[in-house]
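The values are calculated or read from the model by the stated rules, or taken from the named source; none is laboratory data. This one's a predicted model, so the numbers in the text were calculated from it and none came from an experiment. Reconstructed Cβ throughout: ideal geometry from the backbone, glycine too, with neighbour counts over all protein chains shown. Keep in mind that these areas ignore ligands, DNA and RNA; they rest on the heavy atoms of the full protein, side chains included. Shrake-Rupley method; radii C 1.70, N 1.55, O 1.52, S 1.80 Å.
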Amino acid sequence: MRADIISTVEFNYSGDLLATGDKGGRVVIFQREQENKGRAHSRGEYNVYSTFQSHEPEFDYLKSLEIEEKINKIRWLPQQNAAHFLLSTNDKTIKLWKISERDKRAEGYNLKDEDGRLRDPFRITALRVPILKPMDLMVEASPRRIFANAHTYHINSISVNSDHETYLSADDLRINLWHLEITDRSFNIVDIKPANMEELTEVITAAEFHPHQCNVFVYSSSKGTIRLCDMRSSALCDRHAKFFEEPEDPSSRSFFSEIISSISDVKFSHSGRYMMTRDYLSVKVWDLNMEGRPVETHQVHEYLRSKLCSLYENDCIFDKFECCWNGSDSAIMTGSYNNFFRMFDRNTRRDVTLEASRENSKPRASLKPRKVCTGGKRKKDEISVDSLDFNKKILHTAWHPMESIIAVAATNNLYIFQDKIN
């Protein structure tokens, strides 16, 4: 497996920094350049700001299991001072990283020479006051906390609470609540592990805190349901406050129904009024006040319904696509195959398919909408469903919190697109 395949993409709260994690355990942070008045085109391009190795491969000797270094999720903390903090996690261990800048160094120590060697105390005849001298900018990443040994199964989600003091981490069967300052204990707030593992019918696929109410979080399951929990009701949130499920249409039931209804991602809208869920073929928007059915369902790639058999055989049916909101919650985005990604405008009900690939991504060039043809006569600019490349998949996308800028990860390439200003 190539180590440079991107496994997560995340803007920080201001949108000036963009972090990516990859299969090799590295985190690369891009910083938006300040706009250049002289060059009209440089509308704040993103350039590499810092790269560091977040996780290393490990081995669990008790279970004889290799622990991959792949970064599953990155979540930024709101900025409190000059430094930036982010959480990154692999399958087992979450780390809190501090990213800070140094552009000055101290010179003129009393007890050591400029090259760092200790001075003979008898040679020190006068006290010097060290001075700060400017130096080339250095960006340092240092691990401040390591939150380990709390998950038996693979971590699929981390989410920072709106109180900015706690966060949750979820694996297949349990969700834990952590305090950012305390690494040696966490509280188990959801546990769906049955006493007899043979009775296991579903797993947790994603979890997220509400953006404004610090006591509310949701988690989704492989059965296509979402549970909303309120931490005020009890310490262990085994009984949910709300249960979101769409009734199944018996006429469309097939062997694949359960697999394709599994939810791969859940995201609250910025307003906190809605949440969005992604399953294999569609994106659904739910109103938190209405549990019976979603208020919107957007088909992502309905033309694959007839191809589920071959997608099952090549394991693509288990791909976990993520989804994201734009800053004003008026549009949503998610990925597909063949390096396609989909955007849905919730107000106009219009949608578009765009492609992130080297061939059509020359700087400043407009993206042309793509169409997939399912049968019959193919028009000139359409692509046939049989010629889609299922190895080129866009699982991870991110939207700038304020502007029309998106980041799209296509295998080991990161594309950043912005709305054209005429």
Problem set entry | Share, in percent, of DSSP beta bridges within the chain that are antiparallel, nearest 5 | 95
For this session: Return the lysines within reach of residue 92: Cα separation strictly under 21 angstrom, same-chain partners fewer than 8 residues apart disregarded; answer none if there are no such residues.
Result: 23, 63, 70, 73, 193, 320
Exercise. Carbon and sulfur atoms: what percent of the 1.4 Å accessible area of the chain do they account for?
Worked result: 49
Seminar exercise, completed: Charge dipole of the stretch 157-228 built from unit charges on the beta carbon (Lys, Arg +1; Asp, Glu -1), centred at mean Cα; most positive-end Cα among 168, 200, 225 is 225
Problem set entry | In the stretch 305-350, trypsin sites (Lys or Arg not before Pro) in a DSSP loop with at most 12 other beta-carbon atoms within 10 Å | 349, 350
Exercise. Quick one: how many Å² of residue 184 are accessible to a 1.4 Å probe, rounded to 10?
Worked result: 120
Problem set entry | Sparsely packed trypsin sites (Lys or Arg not before Pro) within the stretch 374-410, loop by DSSP, other Cβ within 10 Å at most 13 | 377, 379, 380
Problem set entry | the stretch 110-190: GluC sites (Glu not before Pro) falling in loop per DSSP and having at most 16 other Cβ within 10 Å | 114, 165, 181
Seminar exercise, completed: Dividing the mean separation of Cα pairs under 8 Å (6+ apart) by the residue count of the stretch 37-162 yields a relative contact order in percent of 25
For this session: Name every cysteine in the chain that ends up alone, with no second cysteine's Cβ under 4.7 Å, or say none.
Result: 214, 309, 316, 323, 324, 373
Seminar exercise, completed: For the chain, averaging the sequence separation of alpha carbon pairs under 8 Å that lie six or more residues apart and dividing by its residue count, the contact order in percent is 9
Exercise. Mind listing the Cα extents of the chain along all three principal axes, in Å, largest one first?
Worked result: 92, 59, 42
Problem set entry | Furthest towards positive pole of dipole, 272, 259, 304, structure part the stretch 217-309, Cβ charges | 272
Seminar exercise, completed: Going residue by residue through the stretch 140-150, the Karplus relation 6.51 cos²θ - 1.76 cosθ + 1.60 with θ = phi - 60° gives ³J(HN,Hα) values, rounded to whole Hz and with x marking Gly or Pro, of 10, 10, 10, x, 9, 9, 10, 9, 10, 6, 10
Problem set entry | Nonlocal amide H pairs with residue 230, under 5 Å, H built at 1.01 Å | 241
Problem set entry | Cα principal axis extents for the stretch 240-399, largest first, Å | 50, 40, 25
Exercise. Quick one: accessible area per residue over the stretch 216-369, 1.4 Å probe, rounded to a whole number of Å²?
Worked result: 47
Seminar exercise, completed: CD proxy, 222 nm, the chain: helix-only mean residue ellipticity via -39,500 (n - 2.57) per DSSP H run with n ≥ 4, per residue, nearest 500, stands at -500 deg cm²/dmol
For this session: Taking DSSP loops as anything outside H, G, I, E and B, show the longest stretch in the chain free of chymotrypsin sites (Phe, Trp or Tyr not before Pro) there with at most 16 other beta carbons within 10 Å.
Result: 257-389
Problem set entry | the chain, dipole about Cα centre (Lys/Arg Cβ +1, Asp/Glu Cβ -1), debye to the nearest 20 | 1320
For this session: Along each of the three principal axes of the Cα atoms of the stretch 1-112, give the extent in whole Å, ordering the values from largest to smallest.
Result: 58, 50, 26
Seminar exercise, completed: Out of 326, 188, 149, a Gaussian network model of the chain with alpha-carbon springs under 10 Å gives the largest mean-square fluctuation to 149
Seminar exercise, completed: Counting Lys and Arg as +1 and Asp and Glu as -1 over every other residue whose Cβ sits under 12 Å from the Cβ of residue 30, the net charge comes to -3
